[in-house]
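A.B. asks: Got a structure for you, questions after.
The values are calculated or read from the model by the stated rules, or taken from the named source; none is laboratory data. For clarity, every value in this text was computed on a predicted model and none was experimentally measured. For neighbour counting, all protein chains shown are included, and Cβ atoms are generated from backbone atoms with ideal geometry for every residue, glycine included. Just the protein is used for accessible areas: all its heavy atoms, side chains included, with ligands, DNA and RNA removed. Shrake-Rupley method; radii C 1.70, N 1.55, O 1.52, S 1.80 Å.
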Amino acid sequence: MFGKELIPMKHSLVIVAAAISIAQAEPVISNLEWRPACDGAIIEVISDRGKILGIHASAFHSAVIAEWSIHYADGVPVSAEYRELKRGRIQKGDRVGDYSGENTMKEISTWTWNGDHFPIKDKSRREELEDILRASKKEAEQVGSRQPATRPEKKSEGN
């Protein structure tokens, strides 16, 4: 009596499980230009179907490197970290004044999301982060609208 009813149920569960695994799209990494900086500045947005997974922004100035890392959980910001590093310079020899690659920490600050914003007191720092979040959200939404909801099917070779 139950045997014939269970077979279609098993098939349905297998189909649902397969559909869920196929519906997982691959995360996308997008790079956006950020702000004017001597050696460039970029925002890296990691997203999946319009949902931000993480953000990293870097600006390379002549004397400092400014970096932001924003962490997300379930599409919601969790924490933000700002780092400012002093760019090291070669002090002696033929390459005096060139970048040494040895950067020292000048400042590090972190904030926790309080439900609708990061409680940053410094106005310019807060506005900088808001710009990064706004640009990243726009990029993730644009990428999400172009991103297929399923993984592309692999071409089979032969028959």
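A.B. asks: Of all the residues that make up the range 76-89, how many are open to solvent by 40 Å² or more (accessible area, probe 1.4 Å) and closer than 16 Å to Ala63 by Cβ?
C.D. replies: So the answer is 3.
A.B. asks: Let me ask another. I need every pair where a residue in the range 91-108 that is under 12 Å from Val64 (Cβ atoms) and of a type in the set (S, T, N, Q) has its Cβ under 6 Å from the Cβ of a residue that is part of a loop (DSSP other than H, G, I, E, B) and open to solvent by less than 80 Å² (accessible area, probe 1.4 Å), sequence separation at least 6 or different chains.
C.D. replies: These pairs meet every condition: Asn103/Arg87; Asn103/Gly88.
A.B. asks: Of all residues being open to solvent by 80 Å² or more (accessible area, probe 1.4 Å) and hydrophobic (A, V, I, L, M, F, W, C) in the range 91-122, which is nearest to the chain's Cα centre (by Cα)? Just the residue, please.
C.D. replies: Ile108
A.B. asks: Considering the range 21-75 alone, what residues qualify as being of a type in the set (Ser, Thr, Tyr) and either open to solvent by 30 Å² or more (accessible area, probe 1.4 Å) or under 23 Å from Met105 (Cα atoms) (or both)? Quick ask: steps written out before the conclusion?
C.D. replies: We begin by selecting, within the range 21-75, every residue of a type in the set (Ser, Thr, Tyr); these are 21, 30, 47, 58, 62, 69, 72.
Ser21, Ser58, Ser62, Ser69, Tyr72 - these are the residues of the range 21-75 that are of a type in the set (Ser, Thr, Tyr) and either open to solvent by 30 Å² or more (accessible area, probe 1.4 Å) or under 23 Å from Met105 (Cα atoms) (or both).
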